[in-house]
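Colleague: Supplied in structure tokens, the structure appears directly below.
The values are calculated or read from the model by the stated rules, or taken from the named source; none is laboratory data. If you're wondering where the values come from, they're calculated on a predicted model, not measured in any experiment. Cβ placement follows ideal geometry from the backbone for every residue including glycine, while neighbour counts extend to all protein chains displayed. For the accessible areas, the whole protein counts, side chains as well, though only heavy atoms, and no ligand, DNA or RNA atoms are used. Shrake-Rupley method; radii C 1.70, N 1.55, O 1.52, S 1.80 Å.
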Amino acid sequence: MINSLEELEALANTKRCNEQNCQEELRVCVGSSCASLGSENLKEILDAAIKENDISDACRVKAVGCNGLCAKAPLISHCNRATKISILYEEVEEADLDELIQSVLNAAPVTHKHCDITQDFFAAQTKIVLENAGIIDPDDIEDYIAHDGYKTLFETLENKLPNEVIEEIKKSGLRGRGGGGFYTGLKWESVAKVQSEQKYIICNGDEGDPGAFMDRALMEADPHRILEGMALAGYACGADKGYIYVRAEYPIAVEKLTRAIKQAKKLGILGENIAHSNFSFNVEIRLGAGAFVCGEATALITSIEGNRGNPRQKPPHLSDYGLFGQPTVLNNVETLANIVPILKRGAQWFKSIGTASSSGTKVFALTGHIQNSGLVEVAMGTTLRTLIYKIGGGIPHGKKFKAIQTGGPSGGCIPESLLDLEVDYESLKKVGSIMGSGGMIVMDEDANMVELARFFMDFCKSESCGKCTPCRVGTVQLTELLDKFVHKKATKKDLELLQNLSHVVKDTSLCGLGQSAPNPVLSTLKYFENEYLEGISND
Amino acid sequence: MQTQLGSSDDRYKLLEKSMKKLGYDKNALIEILHSAQETFGYLDKETLKFIAKRTKSPYSKVYGVATFYHYFRLKPKGLHNAVVCLGTACYIKGADKILTSFEEKFEIKVGATTRDELLSLLSARCVGSCSLAPVVLFDNKPKGNLTTEEAMQKMQEMLND
Ligand SMILES: Cc1cc2nc3c(=O)[nH]c(=O)nc-3n(C[C@H](O)[C@H](O)[C@H](O)COP(=O)(O)O)c2cc1C
Ligand code: FES
């Protein structure tokens, strides 16, 4: 049990000392992409080779989370603690491992499979949320503690009042990373103000956007940071119970979080009277079951209560009437992962990163027709051009760029003429898209925008919960209309109808799903109208 | 496949145990359904009725929740299963063509199982390995960067296993 800040630091120091002797570290990424290419097997082979060569005192193998460059999976990095030099290897296969072990044994660098870590993909990023990803072992709470983990929580419990925490978060300008961009400090304050015996903190790990994996990577790579963020939210708002709602499709994330909670409980970092304070906090995991609408706040809550995930009208807001009717804070995974760095380094520091209206960084899942597909974290205000050409390495096969889709089924497509847009909540909204949770899908000249719009509408159609008519019926009608354009059988009247109906669905639907479902249609109509015109038949 | 009685007693016991752990709590219905599906492979009427009785909920409620969520299956799966990811990243990279080629080859629609119960063809909304798009899960093992031909080849390998 750890009962105080001193004990926590003592544990961190012991861990650091124990590892001092072990100079070399081989970090094998076992995040989703690397794992699906057999990286766990690579780790086992390395483990065996270390034992066989009897060098376990000098070198250890560590399973770590996503390092970002998933396109080059599986990735293994070799770090020397003394020289602090780290070498990254890409697309590692079983056959390469011998040479890798040899290089550890006699410092002879492996010449091929070398991944340049000074390249723009890494250099142009700003890592705050992902600072531990690919470095710490998510299964080992002590590793997290050795990297100053839970120190912020313990310091806060000792030295700060709840309202001071809220003030700091407010000052930092942190906005919700789940899509809406609501100010986190204000959200916390509204719950803190309400008098209630029971309050809840919920972490939204539903990640419904079909083409995004930021939250998955975070939960898998650094689960303790999310728990620490939740506990801090609990302290600030006066809540002693937290839930993490995770998609059942993310079994590794569920496994990592479950283990993390267990370890934290065992050390008394979660539980009753944390660090002898009168603050108690417990966390439970709740599984989603594959319904996009359950990412929406009110639907998520009713789903945790064991019901069909139908959203309801707001108000009452969650701050007054949330989970089990109690005041509730709902935050996205990435939002909560920002709490520790803000409290550690201060609101001023956080504000100095990003743009005036959107401070800090944003993690994006860069996919589609792009060279360096993967997970990237950049300061708000980074241009799309930097993201696509500098970090992303451009479009493969010498093809031309056509559009980038942000915000998933609720977002829009942005054409080449707007590539110098500095990405933040406001700028994306201005051009008809949204920040969303961070999915960015790049499309080359061969992509068909009408088909893409149809794809998203079809998605919303099958994900509509059916409670309100505009969404239930409207998405079906819109899909059928888009079908006509795809098959080049539309009429001029259909184009008008498509536009009108899109606005009706947008304006009259009950929840965010329906209200934003027409966005992909409207934005492609705006920038790629000619493709719709081509779908109009002349006879 | 072990869908018939006989072995079922044990599985009900297992389900009973996990319900007990959750305190037969109505609020934990989704957790209970997850563990039932894990135990039985799918959720049939009998199982749902059993859960309704034990949690003192109406059957309509349990059935309503089970059918709302895509993750729950009310029909048994085949011996093997292939899940084609139809998330945006995979779609852009031609996952729909892979799915169509499977549908044509095995003469079933997505969501169905072949008559010999050898293969269930399923789809998913993003399995979170978008950088490897297009992705297909063959018996839950993800394979990425597939062409339509490679996907078919992997499929045959799985079925011949
Ligand atoms: C249809 C729909 C789906 C959503 N899906 C998610 C999701 O998968 N993850 C998420 O964090 N927020 C999602 N949201 C946003 C949440 O409702 C909520 O605003 C968010 O979790 C609040 O956290 P934040 O303030 O930290 O962003 C969704 C909203 C809608 C309308
Ligand atoms: S879209 Fe297929 S894995 Fe994400």
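Colleague: Decide, for the stretch A:442-499, between rounded, prolate and oblate: order the square roots of the alpha carbon gyration tensor eigenvalues as a ≥ b ≥ c, take rounded if a/c falls under 1.5, and otherwise choose prolate if a/b is larger than b/c, else oblate. Don't jump to the answer; show the numbers that get you there.
Modeller: On the way: a/c = 2.81, a/b = 1.33, b/c = 2.12.
Verdict is oblate for the stretch A:442-499.
Colleague: Need one number: buried accessible surface between chains B and A, 1.4 Å probe, both sides summed, DNA, RNA and ligands left out, in Å² to 100. Please report the intermediate quantities before stating the final value.
Modeller: Working: alone 10110 and 21900 Å², together 28710 Å².
Roughly 3300 Å².
Colleague: Over chain A, what relative contact order in percent results from Cα pairs under 8 Å that are six or more residues apart?
Modeller: Working: 1110 pairs, mean separation 74.6, N = 539.
Computed over chain A, the figure is 14 percent.
Colleague: Given R₀ = 45 Å, FRET efficiency for B:Glu104-A:Ser86 by Cβ-Cβ distance, to 0.05? List each step's numbers first, then the result.
Modeller: Working: r = 48 Å, r/R0 = 1.08.
Computed FRET efficiency for B:Glu104 and A:Ser86 comes out at 0.40.
Colleague: Counting only other chains, what is the mean number of Cβ atoms within 10 angstrom of the Cβ of each residue in peptide A:66-75? Write out the running numbers ahead of the final one.
Modeller: Numbers: counts 1, 0, 1, 1, 5, 3, 1, 5, 0, 0.
Partner-chain Cβ atoms within 10 Å, mean over residues of A:66-75: 2.
Colleague: Considering the dipole of the protein assembly as shown built from charges on the beta carbon (Lys and Arg +1, Asp and Glu -1) around the Cα centre, which of A:Asn538, A:Tyr527, B:Ser60 is farthest to its positive end?
Modeller: Farthest along the dipole direction, towards plus: B:Ser60.
Colleague: Once amide H atoms are built 1.01 Å from N in the peptide plane, which residues 5 or more positions from A:Tyr183, or in another chain, come under 5 Å H to H?
Modeller: Here the answer is A:Gly176, since their amide H atoms fall under 5 Å of that of A:Tyr183.
Colleague: Give me a comma-separated list of calculated 3J(HN,Hα) values for the stretch A:170-185, in order, Karplus coefficients 6.51, -1.76, 1.60 applied at θ = phi - 60°, integers in Hz, x for any Gly or Pro.
Modeller: 4, 4, 5, x, 4, 10, x, 8, x, x, x, x, 5, 5, 5, x
Colleague: What net charge is computed for the residues neighbouring B:Thr114, neighbours being all others with C-beta under 14 Å from the C-beta of B:Thr114, Lys and Arg scored +1, Asp and Glu -1?
Modeller: Numbers: positive: B:Lys75, B:Lys77, B:Lys105, B:Lys109, B:Arg115; negative: B:Glu103, B:Glu104, B:Glu107, B:Asp116, B:Glu117.
Its environment carries a net charge of 0.
Colleague: Rg/Rh for the stretch B:80-160 to two decimals, with Rh computed the Kirkwood way over all alpha-carbon pairs. List each step's numbers first, then the result.
Modeller: Working: Rg = 11.2 Å, Rh = 12.1 Å.
A ratio of 0.93.
Colleague: Give me the dipole magnitude in Debye, nearest 20, for the protein assembly as shown about the Cα centre, with unit charges on the beta carbon: positive for Lys and Arg, negative for Asp and Glu.
Modeller: Values: 80 positive and 91 negative charges, 498 e Å.
Charge dipole, the protein assembly as shown, about its Cα centre: 2400 debye, nearest 20.
Colleague: Okay, moving on. Show me the ranking of peptides B:30-37, A:21-28 by mean Cβ neighbours inside 10 Å, starting with the highest. Mind showing how you got there, number by number?
Modeller: On the way: B:30-37: 22.2, A:21-28: 18.6.
For the peptides B:30-37, A:21-28, the packing ranking is B:30-37, A:21-28.
Colleague: Counting partner chain Cβ atoms within 10 Å of every residue's Cβ in B:117-129, what's the average? Walk me through the intermediate numbers first.
Modeller: Values: counts 0, 0, 0, 0, 0, 0, 0, 3, 13, 14, 8, 20, 12.
Per residue, the average neighbour count from other chains is 5.
Colleague: Let me ask you something else. Over all alpha-carbon pairs in the stretch A:291-444, figure out the percentage whose distance exceeds 20 Å. Intermediate results must be reported in sequence, preceding the final value.
Modeller: Details: 6810 of 11781 pairs.
The answer is 58 percent, as a whole percent.
Colleague: Now for a separate question. Just to be sure I understand the model, the point goes 7 Å from the Cα along the line to the Cβ. What's the resulting A:Leu533 to A:Ala108 distance in nm?
Modeller: 6.6
Colleague: Hey, how many Å between the Cα centroid of the stretch A:126-151 and the Cα centroid of the stretch A:187-249?
Modeller: Each part's Cα centre sits 18 Å from the other's.
Colleague: Averaged over all directions, how much area does the convex hull of the C-alpha atoms of the stretch A:361-444 cover when projected, in nm²? Please report the intermediate quantities before stating the final value.
Modeller: Numbers: hull surface 18.0 nm².
Mean projected area of the Cα convex hull: 4.5 nm².
Colleague: Taking θ as phi - 60°, what are the ³J(HN,Hα) couplings along the stretch A:53-69 by the Karplus curve (6.51, -1.76, 1.60), each to the nearest whole Hz, with x for Gly and Pro?
Modeller: 7, 6, 10, 5, 6, 9, 9, 9, 9, 10, 8, 10, x, 4, 9, x, 8
Colleague: Using only the Cα atoms of the stretch A:141-350, each taken as one equal point scatterer with no solvent, compute I(q) by the Debye sum, divide by I(0), and report log10 of the ratio at q = 0.08, 0.12, 0.13, 0.18 Å⁻¹.
Modeller: -0.24, -0.55, -0.65, -1.35
Colleague: Post the alpha-carbon centroid distance, the stretch B:99-161 to the stretch A:467-539, in whole angstrom.
Modeller: 31
Colleague: Same structure again: Determine the distance separating the Cα centre of the stretch A:307-336 from the Cα centre of the stretch A:56-78; give it in Å without decimals.
Modeller: Here the two parts' Cα centres lie 38 Å apart.
Colleague: Based on the Kirkwood radius over alpha-carbon pairs, what is the Stokes-Einstein translational diffusion coefficient of the protein assembly as shown at 37 °C with 0.692 mPa s viscosity, in µm²/s?
Modeller: Working: Rh = 26.4 Å.
For these conditions, the coefficient is 125 µm²/s.
Colleague: Show me the ranking of peptides A:399-412, A:419-432, A:63-76 by mean Cβ neighbours inside 10 Å, starting with the highest. Each step should come with its number before you reach the end.
Modeller: Values: A:399-412: 23.6, A:419-432: 17.9, A:63-76: 26.1.
Per-residue Cβ counts within 10 Å, averaged per peptide and sorted highest first, yield A:63-76, A:399-412, A:419-432.
Colleague: While we're here: What distance in nm lies between label points placed 7 Å from Cα along the C-beta direction at A:Asn278 and A:Asp483?
Modeller: 6.4
Colleague: When the dipole is taken about the Cα centre of the stretch A:13-108, and only Lys, Arg (+1) and Asp, Glu (-1) are charged at their Cβ, what size is it in debye, to the nearest 20? Can you show the working numbers first?
Modeller: On the way: 10 positive and 16 negative charges, 135 e Å.
Dipole about the Cα centre, nearest 20: 640 debye.
Colleague: Under 5 Å between amide H atoms, partner at least 5 residues away or on a different chain: which partners does A:Asn332 have, H built in plane at 1.01 Å?
Modeller: Under 5 Å from the amide H of A:Asn332: A:Arg177, A:Gly178, A:Asn204.
Colleague: Give the peptides B:93-105, A:299-311, B:50-62 in descending order of average Cβ contacts within 10 Å, highest first.
Modeller: Numbers: B:93-105: 18.0, A:299-311: 22.7, B:50-62: 16.2.
My ranking of the peptides, most packed first, is A:299-311, B:93-105, B:50-62.
Colleague: Looking at A:Gly325, A:Val61, A:Gly368, which one has the Cα that reaches farthest to the positive end of the dipole of the protein assembly as shown (charges on Cβ: Lys, Arg +1; Asp, Glu -1)?
Modeller: Of the candidates, A:Gly325 comes out farthest on the positive side.
Colleague: I would also like to ask the following. Please report, in debye to the nearest 20, how large the charge dipole of the stretch B:10-68 is about its Cα centre when each Lys and Arg carries +1 at its beta carbon and each Asp and Glu carries -1 there.
Modeller: Values: 12 positive and 7 negative charges, 56 e Å.
Charge dipole of the stretch B:10-68: 280 debye, to the nearest 20.
Colleague: How far, in nm, would the chain grow between B:Glu157 and B:Lys53 when pulled straight, counting 0.36 nm per residue and subtracting the alpha carbon separation? Walk me through the numbers before you get to the answer.
Modeller: Values: separation 104, 0.36 × 104 = 37.44 nm, distance 4.33 nm.
Extra length available between B:Glu157 and B:Lys53 comes to 33.1 nm.
Colleague: Let me ask another. In terms of modelled amide H atoms, which long-range or inter-chain residues lie less than 5 Å from the amide H of A:Tyr89?
Modeller: The answer is A:Ile76, A:Ser77, A:His78, A:Cys115.
Colleague: Across peptide B:77-88, how many C-beta atoms of other chains are within 10 Å of each residue C-beta, on average?
Modeller: Mean shielding count: 3.
Colleague: Shifting gears a bit: Once the principal axes of the Cα atoms of chain B are found, what is the range along each, listed largest first in whole angstroms?
Modeller: That gives 50, 32, 23 Å along the principal axes, largest extent first.
Colleague: Spelling out what I want: for every residue of the stretch A:471-480, take phi, set θ = phi - 60°, compute 6.51 cos²θ - 1.76 cosθ + 1.60 (Karplus), and round to whole Hz; glycine and proline get x.
Modeller: So the Karplus estimates, Gly and Pro as x, are 6, 4, 8, x, 5, 5, 4, 5, 4, 5 Hz.
Colleague: Would you work out the Kirkwood radius for the stretch A:449-533? I mean one over the mean of 1/r across all pairs of different Cα atoms, in Å. Write out the running numbers ahead of the final one.
Modeller: Values: mean 1/r = 0.0810 Å⁻¹.
Averaging 1/r across every pair of different Cα atoms and inverting gives 12.4 Å.
Colleague: While we're here: Name the shape class, rounded, prolate or oblate, that the alpha-carbon gyration tensor gives for the stretch A:229-311, where a ≥ b ≥ c are the square roots of its eigenvalues, rounded holds for a/c under 1.5, and otherwise prolate holds if a/b is larger than b/c and oblate otherwise. Don't skip to the end; give the middle numbers.
Modeller: Values: a/c = 3.16, a/b = 1.63, b/c = 1.94.
Verdict is oblate for the stretch A:229-311.
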